[in-house]
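Derivation of every value follows stated rules applied to the coordinates shown; laboratory data play no part. These figures come from a predicted structure and were not determined experimentally. Here the Cβ positions follow ideal geometry from the backbone for every residue, glycine too, while neighbour counts run over all protein chains shown.
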Amino acid sequence: MDGVVLRPMTPADLPHAHALSAELRWPHRPADWEQVFVHAEGIAVERDGEIVASGLRWLWGESHATIGLVIVTPACQGRRIGHRLMSVLLEGLEDRTVLLHSTAEGRGLYERLGFVRTGEMRQHQGISQPAPLVALRPGWRLRPAGLNELPALQALDAASRGMRRDALIADLLHSADACVVLDHDNEPVGFAMLRRFGRGHSIGPVVAPDADGAKALIAHLAGVNAGHFTRIDIDFDSGLAEWLESIGLLRVDAPTTMVRGEPLVTPPSGASLFAIVTQAVG
């Protein structure tokens, strides 16, 4: 009745979806949309034949999902399009734990749909500066990742994120500009990636057993990208915010981490997720 139609998103819709994110001044390049869409299911919302909203969901295994890149053009906000879009994205996910990172504007909608706040992220960015290398204890070292180590990196990501995302980690490892592994007694216990994203490069994911290990990984990649625009999205509880600002990566945003369903389960000790891939995929 109001001319609004929701339908599955196709690759042909990606330029229109990118235009929506650009309208909000989100930094995503067309290539960033393409990379995450490969692993996603999307919904495009048309009004009178024009795409005015979009959203993606990613299904990880049988028990988990993430939702992101939920956008409604400002001209159509206040018409409950976001609610209708989210309702479709959530169809069939009743038995899954669903994770998303919310802007301040979207938090009320997500709460009404059953999401609860579980934490906060901190988005840091800027021109990274050469960072003093973090001294590692005997038996610990940093080294480049090899493509043959993909199963180990997938296992570390799954343990730290609480869900298996094997296809995503495989894609990121093959496309990353750099991937560095933290070893303890010749066993990989953490890793971090430097990837093209948005206005420059992004560091993430970052998985490590403790904050010192995370700093060592990030300092190495920040040094690799010194003098260039760098972004990293960290868990607020990581304790890394002040240190990141000391190497030129200032806080610019603070999205809310929200979950619907059973809480994510991560090991009480071992690998922890210090920086996410993107706010969209988690």
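Brief remarks on what is shown
- Length added when fully stretched, residue 226-residue 254, from 0.36 nm per residue minus Cα-Cα: 7.7 nm
- A simple spin-label model places the labels of residue 63 and residue 211 3.0 nm from each other, with each point 7 Å out along Cα-to-Cβ.
- Highest-first arrangement of 274-280, 219-225, 4-10, where packing means the average Cβ count within 10 Å: 274-280, 219-225, 4-10
- Most fluctuating residue given options 80, 196, 117, as computed from a GNM of the chain linking Cα atoms under 10 Å: 80
- Classified by the C-alpha gyration tensor, the chain has a prolate form. Its axis ratio a/c, with a ≥ b ≥ c, is 1.5 or above, and a/b is larger than b/c.
- Local electrostatic count, residue 46, Cβ distance below 11 Å [Lys/Arg +1, Asp/Glu -1]: -1
- Normalised contact order of the range 4-95, rounded percent, pairs of Cα under 8 Å and 6 or more residues apart: 26 percent
- Each Lys and Arg adds +1 at its Cβ and each Asp and Glu adds -1 at its Cβ; summed about the Cα centre, the chain shows a dipole of about 420 debye.
- Tilt relative to the chain, helix 150-161 - C-alpha long axis, 0 to 90 degrees, to 10: 70 degrees
- The modelled label-to-label distance between residue 129 and residue 150, using points 7 Å beyond Cα along the C-beta direction, is 3.9 nm.
- For the range 219-266, a simple Cβ point-charge model (Lys and Arg +1, Asp and Glu -1, everything else neutral) yields a dipole of about 160 debye relative to the Cα centre.
- Sequence ranges 123-130, 97-104, ranked by mean other-Cβ count within 10 angstrom, highest first: 97-104, 123-130
- Degrees between helix 14-23 axis and first principal axis of the chain (Cα, 0 to 90, nearest 10): 80 degrees
- Degrees between helix 166-175 axis and first principal axis of the chain (Cα, 0 to 90, nearest 10): 70 degrees
- On the beta carbon distance between residue 120 and residue 93, with R0 = 30 Å, the FRET formula returns roughly 0.80.
- Fully extending the segment from residue 246 to residue 143 would add 34.7 nm, taking 0.36 nm per residue of separation and subtracting the current Cα-Cα distance.
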